[in-house]
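The structure appears right after this line, and notes come after that.
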Amino acid sequence: MVEPIRMTTREHRAAALAEAGYNTFLLKSEDVYIDLLTDSGTSAMSDWQWAGMMLGDEAYAGSRNFYNLEEAVRQYYGYSHVIPTHQGRGAEHILSQICIQPGDTVPGNMYFTTTRYHQEHAGGEFVDVIIDEAHDPTSLHPFKGNVDLDKLEHVLKTARRVPYLSLAATVNMAGGQPVSMENVRATRALCDRYGVPIMLDGTRAVENAYFIQQREPGYQDKKVADILREMCSYTDGCTMSGKKDPLVNIGGWLALNDAALADKARNLVVVYEGLHTYGGMAGRDMEAMARGIVESVQDDHIRARVGQVQYLGELLIDWAIPVVQPIGGHAVYLDARRFYPDMPQINFPAQTLAAELYLDSGVRAMERGIVSAGRNKHTGDHYYPKLELVRLTIPRRVYTQAHMDVVAESVDAVYRNPDKPKGLKMVYEPEYLRFFQARFEPIRE
Ligand SMILES: *Cc1c(COP(=O)(O)O)cnc(C)c1O
C-alpha cells in the first residue's frame, strides 16, 4: 500500500521544531515530509509477509509461527537456540543479565546506545576495540567496522573477566561500516585463545554480508545468504532487532548455540518479555519476521537496498558535501563538524544540523554525536565522541530515487546557507538514552 506524505510551510515547521524542543525524535510524524529518522521498524512489508500476517496462530504457547521463525533463524543464521523478544534491546537485556557480572569488561567494535546501556546496567564496563580508522570520517578503509586485534588482546590480557566480545556487523555508530570476514575469523582465533565467546549484534549482518561480497577477495561469486551463514558460524550467539534487516515493524530475537545458556535465557525471557515461544510478539508478527528473514537475504533485495543508500551518498559526494566515507549500508552520515567548523561540540553541532535540515525541507534525520554518546557513568561528564554526525537513514522498500534527490537538494541548501546557526543548549536531559527525549533551545548570541 502507499501512504500519503504531507508538505508543510517553513513557518509550520519552525513552530513544530520549537514545540519538539529541537529534537527530531519529538516531532509528530504527520509534520514530517520525508522521514529518514531511522530504518528501525520503518520498512514496507511485502505481499508475502502480509499474507503471513493472516496466518497468525495466536496460541499462548507453541504457536506454529514461532516454529517457522525458529526454522528461518536456524537456516539463515545457523544458531541452534532461538528466543524471541519484543525487539533488539529485549534480547540485549536478557543476554547482558545472563552473562555479565559486576566488574566485568565487555569489549566491542564501537558502542551502540542500547547495547552499552544494558551492559552497564548489568554491572559491566564497555571498552571500544574498533580500529582507529572508524573514528575518522574521511578514511576510505573498506572495512572500518573491523576489530583492532591489538586493542582486543590488551583487554583480554588485562581485564579481570571478559564475559564475551560484543561484535557489531555492520557498525551503526561508525556510519554503517562493515567488518571483513578475514577480521571476524582472526577475532575468533584470538578469542578462542582466551576462551572468550563472541556475541554478534546481527541487526544489519545481511548488509555486512553484502559488503563482503562486494569488497572482499574470494567472495564475489558467493551468495549473500552463504556469506551470512559463514560469518555467523564464527560467533556463539546473536542479538537481533527484527526492525532492521528482517523487514518487520516490530520484533527481535536472541539466538545462542550453548544449550545451558539458552536455558537461562528462556527462563529470564518469561519475566520480561513473554513465554519463550512468543517473547512479546503476536504470532502474526513472528510469521512476518520469519518471511522477512527469507526475503532479506536475497541478493536482488539487498543489492537494491544498499544501492539506494549508495545513490544518495554518491550524489552528496559529487556535490562536495562532507559525509562519512565510504557510504554505509543503511544510512548516509553527514559530518556536522565540517558543516559548522566554528561551532564547539558542546553546542551540539549534529543536533543543530538535524534541526536545520528539518526546518529547510521537512526531512527528518537523527543526531549521532555528543548527545547520543551520553555521559560517563562514573564521572558524570559528557563523552566527547570524535564522530559528530547526522544520520540520514533510509527505510527499506519505502522511498524512490526522486525522494533521495529531494533530500540531497535540501542537504545542499543547508550546507551552503551562509547564515550559520550558533548551536543549541540542552534544557532538559533525561537520565537514560538521553538523545530520545532531550530538549534544546537555540543559542541566539
Ligand atoms: C536498533 C539497534 C539495536 C536495538 O534494537 P531495537 O530493536 O531498537 O531495540 C541494537 N543494535 C543496533 C546496531 C541497532 O541498530
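Listed values, structure above:
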{"quantity": "C-alpha long axis of helix 299-318 to longest principal axis of the chain, angle in °", "calculated": "30 degrees"}
{"quantity": "Accessible surface of segment 344-413 [probe 1.4 Å, protein heavy atoms]: carbon and sulfur percent", "calculated": "52 percent"}
{"quantity": "Mean projected area in nm² (Cα convex hull; one quarter of hull surface) for the chain", "calculated": "20.4 nm²"}
{"quantity": "Per residue value of the accessible surface for the chain (all protein chains in place, 1.4 Å probe), Å²", "calculated": "40 Å²"}
{"quantity": "Per-pair calculated FRET efficiency, R0 = 22 Å: K420 and L26 via Cβ, rounded to 0.05", "calculated": "0.40"}
{"quantity": "Separation in nanometres of the label points that stand 7 Å from Cα toward Cβ, at D57 and Y383", "calculated": "4.2 nm"}
{"quantity": "Within segment 194-231: backbone nitrogen closer than 17 Å to the E153 label point (7 Å, Cα to C-beta)", "calculated": "194-196"}
{"quantity": "R160 versus D405: modelled label distance in nm, points set 7 Å from Cα along the beta carbon direction", "calculated": "6.1 nm"}
{"quantity": "Spin-label model distance (nm) - D192 vs R338, 7 Å beyond Cα toward Cβ", "calculated": "4.1 nm"}
{"quantity": "Under-5 Å amide H pairs with V106, H placed in peptide plane, nonlocal only", "calculated": "E125, F126, V127"}
{"quantity": "Between 0 and 90°, nearest 10: helix 283-296 axis offset from the chain longest Cα axis", "calculated": "80 degrees"}
{"quantity": "Gain on full stretching of the segment that runs from L275 to R185 - 0.36 nm per residue minus C-alpha separation", "calculated": "28.9 nm"}
{"quantity": "Dipole of the chain, positive end: most advanced residue of V184, V332, P385 [Cβ charges, Cα centre]", "calculated": "P385"}
{"quantity": "Sites matching GluC sites (Glu not before Pro) across segment 318-424 that sit in DSSP coil, with at most 11 neighbouring C-beta atoms within 10 Å", "calculated": "none"}
{"quantity": "Cα centre as origin, Lys/Arg/Asp/Glu Cβ charges: the chain dipole, Debye", "calculated": "480 debye"}
{"quantity": "Most positive-pole-ward Cα, I83, G252, G292, against dipole of segment 47-296 from beta carbon charges", "calculated": "I83"}
{"quantity": "Dipole of the chain, positive direction: furthest Cα of G279, V196, V2, with charges on the beta-carbon", "calculated": "V196"}
{"quantity": "Cα point-scatterer Debye curve for segment 1-113, base-10 log of I(q)/I(0) at q = 0.18, 0.20, 0.22 Å⁻¹", "calculated": "-1.11, -1.17, -1.27"}
{"quantity": "Nearest-ten-degree value, helix 401-416 long axis tilted from longest Cα axis of the chain", "calculated": "50 degrees"}
{"quantity": "Segment 1-109: trypsin sites (Lys or Arg not before Pro) in DSSP loop, at most 16 other beta carbons within 10 Å", "calculated": "R6, K28"}
{"quantity": "Gain upon complete extension [K223, E445; 0.36 nm per residue less C-alpha separation]", "calculated": "74.3 nm"}
{"quantity": "Solvent-accessible area of V2 with every protein chain in place, 1.4 Å probe, in Å² to the nearest 10", "calculated": "140 Å²"}
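The values are calculated or read from the model by the stated rules, or taken from the named source; none is laboratory data. As the structure is a prediction and not an experimental result, all values here were calculated from the model. Every residue, glycine as well, gets a Cβ built from its backbone with ideal geometry; the counts of neighbours run over all protein chains shown. Heavy atoms of the whole protein, side chains included, go into the accessibility calculation; ligands, DNA and RNA do not. Shrake-Rupley method; radii C 1.70, N 1.55, O 1.52, S 1.80 Å.
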